[in-house]
Amino acid sequence: TATELAPGTYQFVETKAPTGYVLNTDPVEFTIEAEQAAMPKVVNAGELANYKGSAVLTKVDVDGKVLENAEFKVIDAEGKTVIEKLVSPKA
């Protein structure tokens, strides 16, 4: 919620996403009308959708047979461990 805005056109722009979510920099435009008959109404600028993704890794041998009990971790672009001890399941 942004309050006490003078009449005009504005944009919400996401500058930081919650941990684990993708930053969405698409601006969401809204307008505060200059002329109103009474108390200015609250303008609903809409909703900005965000998401978390998933990835699947399967370890196989040279014949394509799924290998169980291989252990992995997920690291981010900076090399920080995000998830540890992911174990490949039975086929």
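Read the figures in this text as sums done on the coordinates, not as results from a lab. These numbers come from a predicted model, not from an experiment. Cβ coordinates were reconstructed from backbone atoms using ideal geometry, including for glycine residues, and neighbour counts include every protein chain displayed.
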Counted charge near residue 28, where neighbours are those whose Cβ lies closer than 13 Å (Asp, Glu -1; Lys, Arg +1): -4
Label corresponding to Rg/Rh (Cα atoms, Kirkwood Rh) when calculated from the structure given, among (i) 1.30; (ii) 0.94; (iii) 1.21: (i)
Under 24 Å Cα to Cα from residue 59, which lysines show up? Leave out anything in the same chain fewer than 8 places away. 73, 80, 85, 90
Length gained, residue 83-residue 15, 0.36 nm per residue minus C-alpha separation, equals 22.0 nm
Work out the charge dipole of the chain with +1 on the Cβ of Lys and Arg and -1 on the Cβ of Asp and Glu about the Cα centre, then indicate which of 45, 75, 31 is farthest towards its positive end. 75
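In which sequence would 43, 82 go, from the one with the fewest C-beta neighbours within 10 Å to the one with the most? Write down the numbers at each step before the final one.
On the way: 43 13, 82 10.
So the ranking, lowest neighbour count to highest, is 82, 43.
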